[in-house]
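Asker: First the structure, then my questions, so here it is.
The values are calculated or read from the model by the stated rules, or taken from the named source; none is laboratory data. These figures come from a predicted structure and were not determined experimentally. With ideal geometry, Cβ positions are generated from the backbone for all residues, glycine too; neighbour counts draw on all protein chains shown. Note: areas computed on protein heavy atoms with side chains; ligands, DNA, RNA excluded. Shrake-Rupley method; radii C 1.70, N 1.55, O 1.52, S 1.80 Å.
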Amino acid sequence: AQSVTQLGSHVSVSEGALVLLRCNYSSSVPPYLFWYVQYPNQGLQLLLKYTTGATLVKGINGFEAEFKKSETSFHLTKPSAHMSDAAEYFCAVSRSAGTALIFGKGTTLSVSS
Amino acid sequence: NAGVTQTPKFQVLKTGQSMTLQCAQDMNHEYMSWYRQDPGMGLRLIHYSVGAGITDQGEVPNGYNVSRSTTEDFPLRLLSAAPSQTSVYFCASSYGNTGELFFGEGSRLTVL
C-alpha cells in the first residue's frame, strides 16, 4: 500500500527566502508523485507531477521537486518565496496514472514580509 | 468550462438524516473520486470509480455509498449521518493516463 509523510505541518519563511517542503513516500511499486496547492476556501490544484523520466520536475509558479528513489523523497522547493505562495500544500502518491491518489496530511506555508 | 461541479456547497444535517452530495464533470473523465478533508488529517479517499459501473472503496468508506451509472456523475450518499461525518467533501476527476486530478470547489457538511 502507498502512503505519504509530510514533515512539518507548518512552515514559515520570509519573503525572498528559500521554500522547502518535505515529502517522503512509501510504495511497493515505482510511484507516481504529485504536489497540490490549496488556497483558502478553494479546491486543490496541481503544482507538478512525476511519472517517469527526468527526476527533477518543474511546475507552476516557480516550484520544482526532485524524485529521489534512494531516499524515497519528493521534496518541493522554490528559490524565493512570494507572499502569494502562502497556502496549504499536499504531497500525493499513486501506483499509476488513473488510480487512487493517497494524500499526505498537508503543510501550511506562511510567508512574512 | 464548468469542470467539476459539486452541489450543495453547504449543508446542515441532523444525526440520522440521509443525503446525497452531487458531483458532475463535463470533461469525459473516466476516473472520479470522493475525498473528505478534516483539519490535520489531509485528504482521505472515501470511494473512487475508474469508469461507469465500476466503483471501489478508499481509505474511509464506512457510512458512505456511491454509484456510477454515467461517465459524468458520481454521487456520494450518506445513509445515516453522524457528527463524525462533519467535514469538507471534495469530488475529483481525471483522464485515465495523466494522473492529474481536477477538483470541485468542495461541499461543507455539518452534522448536528
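Asker: Just to verify a result, which residue in segment B:1-58, among those that are among the acidic types (Asp, Glu) and in a loop (DSSP other than H, G, I, E, B), is modelled with the lowest pLDDT?
Answerer: B:Glu30
Asker: Sticking with this structure for a sec: Do you know which residues across segment B:97-107 are within 18 Å of B:Tyr31 (Cβ to Cβ) and either away from chain A (no Cβ under 14 Å) or open to solvent by less than 20 Å² (accessible area, probe 1.4 Å) (or both)? First the steps, then the outcome.
Answerer: We begin by selecting, within segment B:97-107, every residue within 18 Å of B:Tyr31 (Cβ to Cβ); these are B:97-104.
Passing the criteria: B:Gly99, B:Leu101, B:Gly104.
Asker: Take residues that are in contact (Cβ under 8 Å) with a residue 12 or more places away in the chain and within 14 Å of another protein chain (Cβ to nearest Cβ) and tell me which of the strands (runs of 3 or more DSSP E) falling wholly in segment A:17-113 contain 3 or more.
Answerer: Values: elements: A:19-26, A:32-38, A:44-50, A:56-58, A:64-68, A:73-78, A:87-94, A:107-112.
Counting at least 3 such residues, we get A:19-26, A:32-38, A:44-50, A:87-94.
Asker: Go through segment B:32-86 and report how many residues are among the polar types (S, T, N, Q) and either more than 21 Å from B:Lys14 (Cβ to Cβ) or facing chain A (nearest Cβ under 9 Å) (or both). Spell out how you get there, then give the answer.
Answerer: Of the residues in segment B:32-86, the ones among the polar types (S, T, N, Q) are B:33, B:37, B:49, B:55, B:57, B:62, B:65, B:67, B:69-71, B:80, B:84-86.
Now narrow it down to the ones that are either more than 21 Å from B:Lys14 (Cβ to Cβ) or facing chain A (nearest Cβ under 9 Å) (or both): B:33, B:37, B:49, B:55, B:57, B:67, B:69-71.
Within segment B:32-86, residues that are among the polar types (S, T, N, Q) and either more than 21 Å from B:Lys14 (Cβ to Cβ) or facing chain A (nearest Cβ under 9 Å) (or both) number 9.
Asker: Restricting attention to segment A:19-32, report how many residues are in contact with a Cys (Cβ under 9 Å, 6 or more places away or on another chain) and over 11 Å from A:Ile102 (Cβ atoms).
Answerer: The initial filter retains those residues of segment A:19-32 that are in contact with a Cys (Cβ under 9 Å, 6 or more places away or on another chain), namely A:21-25.
If we keep only those that are over 11 Å from A:Ile102 (Cβ atoms) as well, we get A:21-24.
So the answer is 4.
Asker: While we're on this one: Between B:Leu13, B:Leu45, B:Leu76, which is open to solvent by less than 40 Å² (accessible area, probe 1.4 Å) and more than 29 Å from A:Thr5 (Cα to Cα)?
Answerer: Exactly one residue qualifies, and that residue is B:Leu13.
Residue-by-condition table, conditions (1) among the aliphatic types (A, V, I, L, M); (2) open to solvent by 50 Å² or more (accessible area, probe 1.4 Å); (3) touching a His at 6+ places or on another chain (Cβ under 6 Å):
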position	(1), (2), (3)
A:Val19	yes, no, no
A:Tyr36	no, no, no
A:Leu47	yes, no, no
A:Ser70	no, yes, no
A:His82	no, yes, no
A:Asp85	no, no, no
